[in-house]
Amino acid sequence: MPISIHLTMVDYSILVIYFVFVLGIGFALKRFMKGSGDFFLSGRSIPAWVTGLAFLSANLGAQEVIGMAASGAKYGMMTCHFYFGAIPAMVFLAVFMMPFYYGSKARSVPEYLKLRFDEKTRGLNAISFAVMTIFSSGISLHALAKLLETLVHWNYWTCIVCSASIVLVYIFLGGLTSAIYNEVLQFFMIVIGFAPLVFLGLKDVGGWQALKAKLVPVAVEQNFAPGTWTHTWIYLGSARDNPMGVGWFGMVFGLSFVLSFGYWCTDFLVVQRAMAANSVNAARRTPLIAAVPKMLFPALVILPGMIAIAIQHTSGGLFLPRAADGTPDYNMTIPTMLAKYFPTGLLGIGFTALMASFMSGMAGNVTAFNTVWTYDIYQSYIAAGKSDNHYLWMGRWATVFGILVSIGAAFIASKFNNIMDMLQLVFGFVNAPLFATFLLGMFWKRTSGHGAFFGLLSGMLLAALFHGLSLTNTGVPGIKGGWIAQKFIFRSEMGQNFWMAIVAWTGCFVLTVLISLATRRVKSDAELTGLVYSLTPKPKAENEPWYMRPATLGGIILLAAVILNLIFA
């Protein structure tokens, strides 16, 4: 059935007040943007609690909120692996990798690769990352525009232009600092906006036990065991036993290791927030602070999807709208829930929370894009040796360019009925092989620049080859795979993505080792300058009490994650 939301003056007032705050932050911070370091890196002056919330909020974009709710409906409780798998990766980043990032004084992840390896490795990663951020930003744009078109009947392309313009203004004015402080505001808006939705939805279906009972026929109807939608581990014995179409190896190695570590440890979108912290200790605490609420977010974004699919079944398939291919449009889970449960006033808060999630994710991608474009592409290959003010203005115009290209990427995102499927596909191409390069570069001194470059390139090409040879059993050859041949058939797009990530990571790792051994006599730029040794792990004395050290805090967080895993197994 069609969804429609009628916003009253109260709801619009809440939305307008939020926009005033968002734009006000940008105008207030404009006077502090005196150089490129302030615009791109916030002068490395932000306290840990702010960077920690921004670190999480940058990941809480529309693709996270909309996509995870969609995955909760499509795959059930198994979606929690995206969160449980993130915790070890965030702890690893804090304990082992942030000292290298922060201590190297690199301005971006690609620049770190130049310091450790060579220029060509930096260039390859900079270009691939820039393309990835454009696609990711386009996903956010599409999600929000589709939402506004469906709920309040605003024109799709008008929604895209207006929404992109708001993000453009506050980043153009205040750079990364504006994005970070807005992300903190957006974090609280998302929590305040969606917590009542979970409460009202769970109350309506009769509580957790009643929801579990209602999800039994959902699983049985799709020829799965009765408890498939409410367990995380039990049905991972075989890809045939769960709707995600992946076994335990694909889940553990493909998602929890390759994709999770690849995203949280190497994606400049989130790492940039930690690099803006005011000290190395604050930078290390940033992902640890973010990990605590991260463990609780499944209840906020996955549970609504599970409630929605239960209602969808009991309503005879009439609750969620249909996508163009006739399947339920899982991306509309959160909007449909808002339309059903929120009255005037509360609807304005929930609607604003969705806007906040969109702007949070898009701003994160745009600030990462303008930094990488300016420092790692423009300054390195197009216009070296210019003034600092020149690069400051280039960063601002890169913001405009990035948002304009993101509008085009929104069209591609419209082809997926679960934007999380598309997002993991993009990560499989870029982050999965990159994580193999980082692991070897940080923990094996003999990794050469040639090995890193050709290993990384080979991993990306292997991902493309696997994508061209694989498809889901209901898919059509094209953007979703199978454009070469249909040799590998998967039950779901997510399972296909996990195995593509495994192929990319393994290929990059093996080839990097082999090429590094073959070219061990050819010294990289980092070796020639002695940087390879300064960028290699060394024991470092801690000035803090043992219970405040990142390793101790990380251990406590990991223990909490293990307990949650056992509870929902």
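The values are calculated or read from the model by the stated rules, or taken from the named source; none is laboratory data. What you are looking at is a predicted structure, and each value in this text was computed from that prediction instead of being measured. Glycine also receives a Cβ, built like all others from the backbone with ideal geometry; neighbour counts cover every protein chain displayed. Please note that ligands, DNA and RNA were not included when accessible areas were found on the heavy atoms of the full protein model with its side chains. Shrake-Rupley method; radii C 1.70, N 1.55, O 1.52, S 1.80 Å.
Kindly write out, for segment 221-228 in residue order, the coupling ³J(HN,Hα) from the Karplus curve 6.51 cos²θ - 1.76 cosθ + 1.60 (θ = phi - 60°), rounded to whole Hz, with x marking Gly and Pro.
4, 9, 6, 10, 5, x, x, 4
How large is ³J(HN,Hα), in whole Hz, for each residue of segment 359-366 in order, when computed from phi with the Karplus curve 6.51 cos²θ - 1.76 cosθ + 1.60 and θ = phi - 60°, using x for Gly and Pro?
Listing the rounded values in order: 5, 4, x, 5, 4, x, 5, 5 Hz.
Taking a 19 Å limit on the Cα-Cα distance, which of the listed pairs K203/K340; K120/K480; K114/K445; K74/K480; K105/K294 fall beyond it?
Details: K203/K340 13 Å; K120/K480 30 Å; K114/K445 15 Å; K74/K480 17 Å; K105/K294 28 Å.
Over 19 Å apart, Cα to Cα: K120/K480; K105/K294.
Under 19 Å from the 7 Å Cα→Cβ point of R31, by amide nitrogen: which residues of segment 358-398?
Inside the label zone: nothing.
List the trypsin sites (Lys or Arg not before Pro) in segment 477-514 that DSSP assigns to loop (not H, G, I, E or B) and whose Cβ has at most 11 other Cβ atoms within 10 Å. Which are they? Can you show the working numbers first?
Working: sites: K480, K487, R491; in loops: K480, K487, R491.
Filter output for segment 477-514: K487.
Subtract the Cα-Cα distance of K487 and T314 from 0.36 nm times their separation in residues, and report this length gain in nm to one decimal. Don't skip to the end; give the middle numbers.
Values: separation 173, 0.36 × 173 = 62.28 nm, distance 3.77 nm.
Separation in residues times 0.36 nm, less the Cα-Cα distance, equals 58.5 nm.
Quick one: which residues, 5 or more positions from F488 or on another chain, have an amide H under 5 Å from its amide H? H modelled 1.01 Å from N in the peptide plane, none for Pro or chain starts.
HN-HN under 5 Å from F488: S470, L471.
Using alpha-carbon pairs under 8 Å, 6+ residues apart, how would you state the relative contact order of the chain in percent? Intermediate values should be presented prior to the final figure.
Working: 1037 pairs, mean separation 162.9, N = 569.
Relative contact order here is 29 percent.
From the list (1) 22, 58, 20, 1; (2) 23, 54, 21, 2, 0; (3) 18, 36, 21, 16, 8, 1, can you say which value of P(r) over Cα pairs in 20 Å bins from 0, in percent was derived from the structure given?
Structure-derived value, by its label: (1).
How much of the accessible area of the chain, probe 1.4 Å, is carbon plus sulfur, in whole percent? Mind showing how you got there, number by number?
Values: 14210 of 20410 Å².
The computed percentage sits at 70.
Using only Cα atoms, find the angle between the long axis of helix 119-152 and the longest principal axis of the chain, and express it within 0 to 90 degrees, rounded to the nearest 10.
With both axes taken from Cα atoms, the answer is about 20 degrees.
What FRET efficiency comes out for Q209 versus D388 if R0 is 60 angstrom and r is the Cβ-Cβ distance? Round to the nearest 0.05.
Details: r = 61 Å, r/R0 = 1.02.
Approximately 0.45, to the nearest 0.05.
Could you do me a favour and compute the accessible area per residue for the chain, 1.4 Å probe, result in Å²?
Working: 20410 Å² over 569 residues.
Heavy-atom SASA per residue in the chain reads 36 Å².
What length, rounded to one decimal in nm, is gained on full extension from H153 through to A299, with 0.36 nm per residue of separation minus their alpha-carbon distance? Kindly include the intermediate steps, with their values, before the conclusion.
Details: separation 146, 0.36 × 146 = 52.56 nm, distance 2.95 nm.
So the extension gain works out to 49.6 nm.
Taking only the alpha-carbon atoms of segment 57-188, what semi-axes of the equivalent ellipsoid follow from 5 times the gyration tensor eigenvalues under a square root, in whole Å, largest first?
Working: eigenvalues 183, 92, 46 Å².
Each semi-axis is the square root of five times an eigenvalue, giving 30, 21, 15 Å.
What FRET efficiency do you get for Q222 and I17 if R0 is 41 Å and r is their Cβ-Cβ distance, rounded to the nearest 0.05?
It comes out at approximately 0.40.
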